[in-house]
Amino acid sequence: MKDKIMKPTRRNILAASAAAAVSAPSVLRAQEGPIVWRMVTSWAKSLPGPGVSADRLAQRINAMSGGRLRVDVFPAGHIVPAFGVMEAVSTGAAEMGHTASFFWDGQLPGAAFFTTAPFGMSPLGHQTWIEQRGGQQLWDELYKPRGVRGLLAGNTGPSMGGWFRKPIESVRDLSGLRIRVQGMGGEVYAALGAVPQSIAPGDIYPALEKGTIDAVEILAPVNDLPLGLHRIAPYYYMPGFNKPNGAGEALISLAAFSKLPADLQRVIENACQAEHSAALSEAEHLNAGAIVELVRGGAKITAFPADVVKLAREKTVDVLDKKAKASPIAGRIVASWREALTAGGPWSRVGAYMEHALRG
């Protein structure tokens with residue numbers, strides 16, 4: 001019996017096409033093109049440190065996804081201003097952001113701890129809190145009502161104390177001093193008598209040049225060097241008690257994230273983790289050369305007077321206590337952070353002693 005030959009009618013052709021689509025979804029996905037996400041940032045394009053991390057994070061995701069997920073980067077001002085990143089990701093204007101959590105502490109008390117806190121943990125200690133001691137779970141809980149998730153995604157390392165036009169010889173010299181500073185460090189400076197100013201990174205140099213501010217705290221030597229702040233305010237103070245860690249934050253839209261297949265979700269998480277590690281080692285490497293170059297350019301590296309550091313430490317306790325009372329979740333964040341700081345203290349002190357002893 002001969003097989004019946006099906007005539008190539010329009011109905012038969014459509015049925016065959018549908019069957020082929022079902023049996024070859026990967027081919028269709030390739031034909032449809034990549035999923036495209038917009039990443040808005042709080043940084044000027046390719047700003048050393050965080051701006052570079054934002055670009056590199058997008059490149060990591062693009063490569064690790066095999067081109068299935070493409071992240072386009074929009075620096076501060078291209079879609080939203082530097083301090084508009086949280087709102088953009090929360091409302092769906094962008095699927096992703098790269099920023100720092102302390103920008104949102106005014107609207108989400110406790111957010112600053114996921115970047116840094118005065119007299120707090122080192123970069124490694126902070127990462128340990130996030131990944132091993134419950135910090136990430138609290139971070140997720142804090143941001144969930146906004147429809148976003150925060151992940152570690154870059155680190156500029158410990159910050160210096162900042163650039164000052166005039167030398168600081170005692171706490172009295174901080175009275176009325178206008179200083180650009182972010183996060184809880186601003187609250188500590190206010191308690192010391194200074195006047196903290198919140199200024200986006202791209203606007204810092206003009207503000208200092210015009211005399212709108214008297215001092216600037218931003219990041220570490222490699223980040224500060226290209227800004228040229230030492231030409232106007234040459235006194236470069238240490239330690240950076242207000243910002244001993246410089247964790248960057250990737251903001252992820254929960255709605256956009258939930259639509260991704262599981263493997264692409266893992267790609268984003270792994271890319272963030274890889275960038276955090278790479279950025280920290282890069283900061284350590286580049287700061288070694290940048291500090292030398294700054295001194296050659298006229299920077300005067302100076303230690304804060306002992307009374308400034310002592311009073312700042314005392315005021316930090318008050319700031320943290322006040323933060324803990326801001327909301328129930330803020331109270332739990334402060335408690336968890338303090339527990340992690342205490343738990344990591346003994347080994348941190350041993351490590352610091354060994355490094356000092358080995359270096360001689």
Criterion: in contact with a helix residue (DSSP H, G or I) (Cβ under 7 Å, 6 or more places away or on another chain) and farther than 25 Å from T128 by Cα - qualifying residue of L227, L280, L251:
L227
What single numbered condition from (1) within 14 Å of I333 (Cα to Cα); (2) surrounded by 18 or more Cβ atoms within 10 Å (Cβ to Cβ); (3) not hydrophobic (A, V, I, L, M, F, W, C) fails to hold for S90?
(1)
Any chance L280 is touching a residue at least 12 places away in the same chain (Cβ under 8 Å) and over 30 Å from L227 (Cα atoms)
no
When you check E141 against the structure, is it over 13 Å from the mean Cα position of the chain (by Cα) and under 18 Å from W43 (Cβ atoms), yes or no?
no
Does segment 96-108 contain any residue that is surrounded by fewer than 18 Cβ atoms within 10 Å (Cβ to Cβ), modelled with pLDDT under 95 and among the polar types (S, T, N, Q)?
yes
Output for Cβ contacts, cut-off 7 Å, separation at least six or different chains, first residue of a type in the set (F, W, Y) in segment 165-191, second in a helix (DSSP H, G or I), reads none
Determine whether segment 280-297 contains at least one residue that is closer than 26 Å to Y143 by Cα, of a type in the set (A, V, I, L, M, F, W, C), in contact with a strand residue (DSSP E or B) (Cβ under 9 Å, 6 or more places away or on another chain) and at pLDDT 95 or above.
yes
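The values are calculated or read from the model by the stated rules, or taken from the named source; none is laboratory data. The model shown is predicted, which means the values in this text are computed figures rather than measured ones. Positions of Cβ are backbone-derived with ideal geometry, glycine not excepted, and every protein chain shown enters the neighbour counts.
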